[in-house]
Amino acid sequence: MQAYCIKCRAKREIKDAKAITMKNGRPATQGVCPSCGAKMYRVGKG
Amino acid sequence: MKQKDYDYNIFINCPFDRTYARMFNAIVFTITHCGFYVRCALEEPDSSENRLLRILNIISECKYSIHDISRQEIDTSTQLPRFNMPLELGIFLGAKSFGKQYHKDKKCLILDKEPYRYRQSVSDIAGLDIEYHNGSIKKAIVCVRNWLANTSGSKRLYSGSFIYQHYLQFQKELPKICNQNNLDARGLTFLEHNSLANAWCIQTI
C-alpha cells in the first residue's frame, strides 16, 4: 500500500505496514517510509 | 481488475480554487475521519498523463464519489458556466451503468447549494442522493458523514457534530504540525493536506 511521505514529499510504499483499527471501527495502516524512516499513516486496509 | 482498496476510495469532484478550498479541506477531513481514502484529480499534479484519462483511472478505482455541483455559475469573463463537474458526474454514472460487475455497486453523493436548484440545470439526476449545504462547512460535514454512514454500513462513525469539532481542532493544530514538517499551512498541496489529515485522524480518533 502506498502513502504520501510528508518528509520526502513523495508517494512511497509503506514499509513494515501494520493493520490497525480506528476507534470508529474502520481499518487503517501504519508503517514507515522506506526512504527516510518517517512514520506513515493511511486509512484503509493494505 | 478490482483494486484492493476499491471499497475505501472516494473520488471527489469539486472546484479546486481558493474560494472553495475551505469546503474542500473540510470534506477531505470528514471522509478521512470516517475511515475512507480521498482520491481526486490533484493527486498527480506533475503527471504528463492526460487529465481526463487520469480522472477515468481514478473513477475506476473508487467505489464512492462526491460531486459538488454548487458552483454552476456563469463566468463573468466568458459568460459561460464550467462544465467539468457535471461531466465527471456523468462519467461516474456511466461507469456504474456500463462498467464491469463490481462497478454496479458504485455510490455517489451530489452536493448542491440549495434544495432543488439542480432541477433548473441537470434535472435528469432527480432520484439520486442529492443534499444541499448552503455554503456551510458544518452542514457539508454532516451531509457527507450521514451519507457514508447510510451507504457504507459503518455503524460506529462519529456524528457529524463531533467530526466538525475535530475538524476545528485539526485546523487549530495544523500550523504547528506544518511547522514541525517545514510546511506552510496556508499553502498545502492536496497530497500534503490529505497525508496530514490521515495521520491526525488515525492517531487522534
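The values are calculated or read from the model by the stated rules, or taken from the named source; none is laboratory data. Given the structure is predicted, the values throughout are model-derived calculations rather than measurements. Methodologically, a virtual Cβ is constructed for each residue, glycine included, from the backbone with ideal geometry; neighbour enumeration extends over all protein chains shown.
Taking the stretch B:179-196 as the range and being facing chain A (nearest Cβ under 9 Å) and buried (at least 19 other Cβ atoms within 10 Å of the Cβ) as the test, the residues that pass are B:L183, B:L191, B:N194, B:S195, B:L196. Summed over the stretch B:148-170, the residues that are among the hydroxyl-bearing types (S, T, Y), surrounded by fewer than 14 Cβ atoms within 10 Å (Cβ to Cβ) and in a helix (DSSP H, G or I) give a count of 1.
Does at least one position in the stretch B:76-84 carry a residue that is part of a loop (DSSP other than H, G, I, E, B), surrounded by fewer than 20 Cβ atoms within 10 Å (Cβ to Cβ), at positive phi and away from chain A (no Cβ under 12 Å)? Spell out how you get there, then give the answer.
If we filter the stretch B:76-84 for residues that are part of a loop (DSSP other than H, G, I, E, B), which is where we start, we get B:76-80, B:82-83.
Okay, now just the ones that are also surrounded by fewer than 20 Cβ atoms within 10 Å (Cβ to Cβ), so B:76-80, B:82-83.
Next, only the ones that are at positive phi stay: B:79.
Then keep just the ones that are away from chain A (no Cβ under 12 Å); that gives B:79.
Yes: one or more hits.
Residues in the stretch B:93-127 that are surrounded by 15 or more Cβ atoms within 10 Å (Cβ to Cβ) and in a loop (DSSP other than H, G, I, E, B): B:K106, B:K113, B:V122. Select from the stretch A:5-35 the residues that are free of Cβ contacts under 8 Å to residues at least 12 places away in the same chain and under 20 Å from B:Y8 (Cα atoms) and write down the one among them that is surrounded by the most Cβ atoms within 10 Å (Cβ to Cβ). My answer is A:N24.
When the stretch B:1-16 is examined, which residues are found to be modelled with pLDDT under 90 and either away from chain A (no Cβ under 14 Å) or in a helix (DSSP H, G or I) (or both)? Can you show your working first?
We begin by selecting, within the stretch B:1-16, every residue modelled with pLDDT under 90; these are B:1-4.
Residue satisfying the conditions is B:M1 alone.
Of everything in the stretch A:9-43 that is assigned to a loop (DSSP other than H, G, I, E, B) and farther than 27 Å from B:N182 by Cβ, the residue that is nearest to the other protein chains (Cβ to nearest Cβ) is A:R26.
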